[in-house]
Every structure is written in structure tokens, then in C-alpha cells.
Amino acid sequence: MAIRKVRVMGDEILTKACKPVKEMTPRIKELIDDMFETMYEEDGVGLAASQVGVLRQIVTIDVDDGNQYVLINPEILETSGEQTGYEGCLSVPGKRGIVTRPDHVKVRALNEDMEPYELEGDGLLARAICHECDHLKGSLYVDLVEGKLEDLADLAEEEAEGED
Ligand code: NI
């Protein structure tokens, strides 16, 4: 396993659509392991393969619910409800913004053994599924932000000033 370099906004690869995975290979298995390791190292809850420079439809998610989700060739089947809240992205370091997403998502994907399964998620899991599936299409959350993209360094400064 290895930590891979996370591509940041401005890198053209993040704007490109990912291709489906046709078969599981040792290389893809290693990629998935590396994606988890990279995601944990960077304190993220989700990662798409394009973020580490591989244009394949692979997503890893861990929202601290005791599961490590691998979604290969994911397809969102249903969405419902609405949630509005802050979102961030490892490819947009130091920023956050308000994004409205469905509150419930049902997705079909393949697991690491290339077996189809369906996953339903609410709240943060639903948000993560939507965010990561957007990455696979070459979209970043910054295009969905309501209001302005906030700079976390500025916020920390304002908070410090307010403590006088
Ligand atoms: Ni992201």
C-alpha cells in the first residue's frame, strides 16, 4: 500500500470523465488499497480514482459508520429529500462551501469482487456518494456552492481575532 498524490483543482484530470472498470486486476486492487490509505491520511470521507490521477470509475467512502465502501462503476438509481450543509474536497484544500444535496441516495455499483450490489445512504453517506459520483463525471463541488467558497485559513483568523 502507498499514499498517492492527490490532484488539486486546476489539474485537468479532475475535469475529465472516468471510464468504467471492465475487470478486476491486481493493479486495480492495489489502487483501491492506496485510495483508502490516501483518504485516511488526508482525513477525507471519500475519494474518487481521478483524484489520484486514474481515470477509472472507482470510489472509496468511509463515513465512520463501520463500513469501507468501494463503488465500482456506480450508478445513482434514486434520490430523495434535501440537505444543505458544508462540503469540502481533498482536491480543493483549505476551502469549504455550502452545497444542497439529496438526503437519501440509492446507488448500484460493483464491489471489489466485481459483484453488483445496491447501497442506500442518508445524510453524510448520501452526500459523499453524490460528491464522489460527480468526480467520476469530471465535476467538482465548487460549481454547486451556494454563496461563496470559504477559505478555512481566513475563518480561523477571524475566529482568533474574535477571541480578544
Ligand atoms: Ni472531492
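We did not get these values from a lab; they are worked out from the coordinates using the rules stated. Only a predicted model underlies this, so the values are computations on that prediction, with no experimental measurement involved.
Over the chain, with a Gaussian network built from C-alpha contacts below 10 Å, which listed residue (ASP103, ASP122, ASP64) shows the highest mean-square fluctuation? The residue with the greatest mean-square fluctuation here is ASP64. Once C-alpha pairs closer than 8 Å and six or more residues apart are averaged by separation and normalised to the residue number of region 37-88, the relative contact order reads 22 percent. Which percent, to the nearest 5, of DSSP beta bridges fully inside the chain are antiparallel? Roughly 95 percent of the DSSP beta bridges within the chain come out antiparallel. Taking the helices alone, the chain has a mean residue ellipticity at 222 nm of -8000 deg cm²/dmol, built from -39,500 (n - 2.57) per DSSP H run of at least 4 residues and averaged over all its residues. The angle between the Cα long axis of helix 152-162 and the main principal axis of the chain comes to about 30°, on a 0 to 90 degree scale.
Going down the table (LYS106/LYS148; LYS29/LYS137; LYS5/LYS29; LYS22/LYS95), which pairs top 26 Å between alpha carbons? In this structure, LYS106/LYS148; LYS22/LYS95 exceed 26 Å between Cα atoms.
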